[in-house]
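Engineer: Sharing a structure, written as structure tokens. Questions coming.
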Amino acid sequence: MTTANLGELFASSTRDVFRLEVRQAYKVAGEEARLAAWRSGAPWSDAVTPWQERLTSLIPRGVRMRRVHVVELPLSEYVRWEMESYARNSAFGEEIRLVERERVPEGVPATDFWLFDESTVVLMHYNDEDELTGRELHQGDARAYVLARDLAWQVARPLASWRDG
């Protein structure tokens, strides 16, 4: 599955897009400079990111964008930085929650995935260096992933409660 195919799924979604993240770090092209700036204490740029641009195409169409990140304590440097990024993304309409790994119920897979309109699942594959190695269109029934989304969403805490302590 290509980046273009994934983009088509976003463009064709009509109701709900969900992302489960289970890794404690990701190496994403374009993030290195922002992460380095955060490490140095530089102020956040007000420039709109490509992800925020995507959100501006989803949310006004009535598509709900939700994310749950399974985290380990203490939070990794990357997750702490990502929480700052999440705060900016939430201003664009993304709903974000986090949950400690030990609170994740049975039925929630230990792998990253996207769920589009409760029918299409894209499994995300990473190597030991946190780099994306591929995306796989799930060829089976999506119901287990719908259940996983609902279970994870139910136990996860909203981003604001993590940021406020």
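Engineer: Out of the residues in segment 142-163 that are at pLDDT 95 or above and not aliphatic (A, V, I, L, M), state the one that is farthest from Ser12 (Cα to Cα).
Structural biologist: Arg157
Engineer: Does at least one position in segment 44-60 carry a residue that is of a type in the set (D, E, K, R), modelled with pLDDT of 90 or more and not in a helix (DSSP H, G or I)?
Structural biologist: The answer is no, given that none of the residues of segment 44-60 is of a type in the set (D, E, K, R), modelled with pLDDT of 90 or more and not in a helix (DSSP H, G or I).
Engineer: Please state which of the following conditions Met65 fails to meet, knowing it meets all the rest: (1) under 14 Å from Gly93 (Cα atoms); (2) exposed (fewer than 11 other Cβ atoms within 10 Å of the Cβ); (3) in contact with a helix residue (DSSP H, G or I) (Cβ under 8 Å, 6 or more places away or on another chain); (4) not hydroxyl-bearing (Ser, Thr, Tyr).
Structural biologist: Exception for Met65: condition (2).
Engineer: In segment 31-47, what residues are surrounded by fewer than 16 Cβ atoms within 10 Å (Cβ to Cβ) and touching a Ser or Thr at 6+ places or on another chain (Cβ under 8 Å)?
Structural biologist: Once the filter is applied, which keeps residues that are surrounded by fewer than 16 Cβ atoms within 10 Å (Cβ to Cβ) and touching a Ser or Thr at 6+ places or on another chain (Cβ under 8 Å), segment 31-47 yields only Ala37.
Engineer: Given the structure, is Ala25 under 26 Å from Val121 (Cα atoms), among the hydrophobic types (A, V, I, L, M, F, W, C), surrounded by fewer than 16 Cβ atoms within 10 Å (Cβ to Cβ) and touching a helix residue (DSSP H, G or I) at 6+ places or on another chain (Cβ under 7 Å)?
Structural biologist: Yes.
Engineer: Still on this model: Here's a check for you: in segment 86-130, which residue that is in contact (Cβ under 8 Å) with a residue 24 or more places away in the chain, assigned to a loop (DSSP other than H, G, I, E, B) and small (Gly, Ala, Ser) is surrounded by the fewest Cβ atoms within 10 Å (Cβ to Cβ)? Spell out how you get there, then give the answer.
Structural biologist: Pass one, segment 86-130, residues in contact (Cβ under 8 Å) with a residue 24 or more places away in the chain: 86-90, 92-101, 103-105, 107-118, 120-122, 126, 129-130.
Subsequent filtering for residues that are assigned to a loop (DSSP other than H, G, I, E, B) retains 92-94, 104-105, 107-112, 117-118, 129-130.
Next cut, small (Gly, Ala, Ser) only: 93, 107, 110.
Details: Gly93: 15, Gly107: 12, Ala110: 10.
Taking the candidates together, the pick is Ala110.
Engineer: Then there's this: Yes or no: Val79 in contact (Cβ under 8 Å) with a residue 60 or more places away in the chain, among the hydrophobic types (A, V, I, L, M, F, W, C) and in contact with a strand residue (DSSP E or B) (Cβ under 7 Å, 6 or more places away or on another chain)?
Structural biologist: Working: in contact (Cβ under 8 Å) with a residue 60 or more places away in the chain: no; among the hydrophobic types (A, V, I, L, M, F, W, C): yes; in contact with a strand residue (DSSP E or B) (Cβ under 7 Å, 6 or more places away or on another chain): yes.
Criteria not met by Val79.
Engineer: Go through (1) farther than 24 Å from Gln52 by Cα; (2) at pLDDT below 95 for Ser85 and report which single condition fails.
Structural biologist: If we test Ser85 against (1) farther than 24 Å from Gln52 by Cα; (2) at pLDDT below 95, just (1) comes out false.
Engineer: With (1) in contact with a strand residue (DSSP E or B) (Cβ under 6 Å, 6 or more places away or on another chain); (2) closer than 19 Å to Trp44 by Cα as the list, and Ala87 as the residue in question, which single condition is left unmet?
Structural biologist: Status for Ala87: all satisfied but (1).
The values are calculated or read from the model by the stated rules, or taken from the named source; none is laboratory data. Keep in mind the model is a prediction, meaning the values are calculated, not measured. All Cβ positions, glycine included, derive from the backbone under ideal geometry; neighbour counts span all protein chains shown.
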